[in-house]
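Working notes, beginning with the structure itself.
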Amino acid sequence: MRARDNSQKIEEEFIEAKRNWELEKLYVDLGSAKGKALTPVEKKFLRGLLCGFSPAEIAKTVYNSSSSSTVRVYLSNGLYKYLEEMLSNQAGENVKVKSWSRVTHLLEKSGYKKSWSSIQDVNSVKDNIQNNHTVVDSNQTESWGKAIDINNFYGRIQQLDKIESWVDAQSSRLILLLGMGGSGKTALTAKLVQQFHSKFSCIIWRNLRRKPCELSLSESSYNVSLPLEVTLNQILQTLSPGFQTVTAENLDDGISELINCLRSTRCLLIFDAWDAILCTKDEYSGMNIHDSYHDCSRICYQKGHEMYGELLRRLGESPHQSCVILNSREKPQEIAMLEGEALPVKSLFLDGLEYQDCNHILKAKGLISFKSSLSKKLVDIYAGNPLFIKLIATVIQELFAGSISNFLKQGTLIFGDIRMVLDQQFNRLSDLEQQIVYFLALNKELTSLNALQEAIVPKVSQRVILEAIESLQRRSLIAKNGSHISQTQVLTEYIVEKLIEEQFNLMQQGKYSFSNYSVFESHFKKYIREVGLNSDK
């Protein structure tokens, strides 16, 4: 009787792993690799690893001991070897478990992770297990190391209400959340999942951007995305486990099966980072400058990912009872063609947060300005972008002793991760789009299509200008109100910083004339006077 009680107690430890992983299948497959069933202790340590615990943390939780030697011996002489045997047989090549932190990555890659789990940080999972708290089932996040903390979610009340009305009325089967990098698309989606989890039978979250640890040395560190067949297999593994494996040759059948599942089950399906499968500027192969002008409004799919467009079209056109949410920095052409207020395909643009919501972020970061005008100026400069506000608040706290005034006086506003986000978005633009962004940054009077057409060299037609403006709108970089065109101050700041660096480099190389640099300098000084960054207020 006591042995059975002890066995049951062992099974209850790290039980959170059962929510997120195909445990029984994993036990069986590892048992086959071992040659006999896993012991209760091996199962327990495996569950600990799947919950994100290190060997030291497992030892602390299980034995209340600071020494992890027993756990490490069990892992090195047992589980790691069984895992290597099992994964090598499946992959047809030699697979090595180099550390405990690689276990979850390798098993997820092999399909042992369920397509739903809890949106939270690994440390939150540990806390919930150790404190015997129940975790609400929601969906899968791809980046546990940068999981979303929705406990500090601010604002977006109107957007939440609007999307909720769409979901409750079941009038929207495909919704695009559009916005610049850092605008909070993923955080808003996480909040939606928290609010909507009871409205759906199944919630599946897929991130289309692969993490750096998933890439080979020959692959890009940022714009490498999951092939559609991999994504479909991951989804259908939950919705239709008995369906044949989807390959590049039977993608159409895989899409049809997914549509059938969305008809039979009310599912919330989320595709995060849709822009990861879209082309960058450099991928418009074979175009000269005039070709890229004429094709600048095309937001195309990367080579080998074109069938994602077909998936999107069919998700929008085919009737089903589910809801699909896309997060993207750019609006896909399929959405633009299918969307409408009275249609089942809709898009929602996320601009910056309101000042009071950004102020909550600043206060949470420890920034309390006695002059509200200073924090208001800071929010205006970064266009209420929540990621930028958080990043810059940290810089102000660490480098400027919490003084917003001192930070603004030093003048350099775009750097670090903020620069990286804007670089990623700017580098995706065509030559004409980049030229328009430059002109808008340095010539605030050029706010009409006619003025832009006169300024662009070489000359292009009004149609091409319109296509470029439409593309920039879809890429969340400019706003158009009637005939007036504008861009956010943070983007203008980015362009000015970029131009200063370019002109300085040319000056160092002796490749500019005095008159050209003078024109640039005068534009820049005019800009400084307009935004008042050299003011002592």
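Points to keep in mind about this one:
- Exclusive hit being closer than 24 Å to LEU177 by Cβ and either surrounded by 22 or more Cβ atoms within 10 Å (Cβ to Cβ) or free of Cβ contacts under 8 Å to residues at least 60 places away in the same chain (or both), set LEU338, LEU343, LEU378: LEU343
- Residue match in the stretch 170-193 (condition: modelled with pLDDT under 85, under 19 Å from SER347 (Cα atoms) and not charged (D, E, K, R)): yes
- The single residue among GLY52, GLY78 that is part of a helix (DSSP H, G or I) and either buried (at least 21 other Cβ atoms within 10 Å of the Cβ) or in contact with a Phe, Trp or Tyr (Cβ under 9 Å, 6 or more places away or on another chain) (or both) turns out to be GLY78.
- Looking across the stretch 246-267, the residues that are surrounded by fewer than 20 Cβ atoms within 10 Å (Cβ to Cβ) and either part of a strand (DSSP E or B) or among the charged types (D, E, K, R) (or both) come down to GLU249, ASP252, ASP253, GLU257, ARG263, ARG266.
- Cβ-Cβ distances below 6 Å connect the following pairs, each with a first residue in the stretch 297-308 that is in a helix (DSSP H, G or I), a second residue that is modelled with pLDDT of 85 or more and crowded, with 18+ Cβ neighbours inside 10 Å, and a separation of six or more residues or different chains: MET307/LEU228; MET307/LEU251; TYR308/LEU228; TYR308/ILE277; TYR308/TYR301.
- Residue count for the stretch 432-480 under the criterion of being more than 24 Å from GLU497 (Cα to Cα), in contact with a helix residue (DSSP H, G or I) (Cβ under 6 Å, 6 or more places away or on another chain) and buried (at least 19 other Cβ atoms within 10 Å of the Cβ): the result is 3.
- The listed residue being closer than 30 Å to HIS320 by Cβ and within 26 Å of the chain's Cα centre (by Cα), out of LEU429, LEU350: LEU350
- Scanning the stretch 274-283 for any residue that is modelled with pLDDT of 90 or more, surrounded by 16 or more Cβ atoms within 10 Å (Cβ to Cβ) and more than 25 Å from the chain's Cα centre (by Cα) turns up nothing.
- Among the residues of the stretch 361-381, those identified as of a type in the set (A, V, I, L, M) and either in a helix (DSSP H, G or I) or closer than 20 Å to VAL490 by Cα (or both) are ILE361, LEU362, ALA364, LEU374, LEU378, VAL379, ILE381.
The values are calculated or read from the model by the stated rules, or taken from the named source; none is laboratory data. Keep in mind the model is a prediction, meaning the values are calculated, not measured. Positions of Cβ are generated from backbone atoms using ideal geometry, with glycine treated the same way; all protein chains shown enter the neighbour counts.
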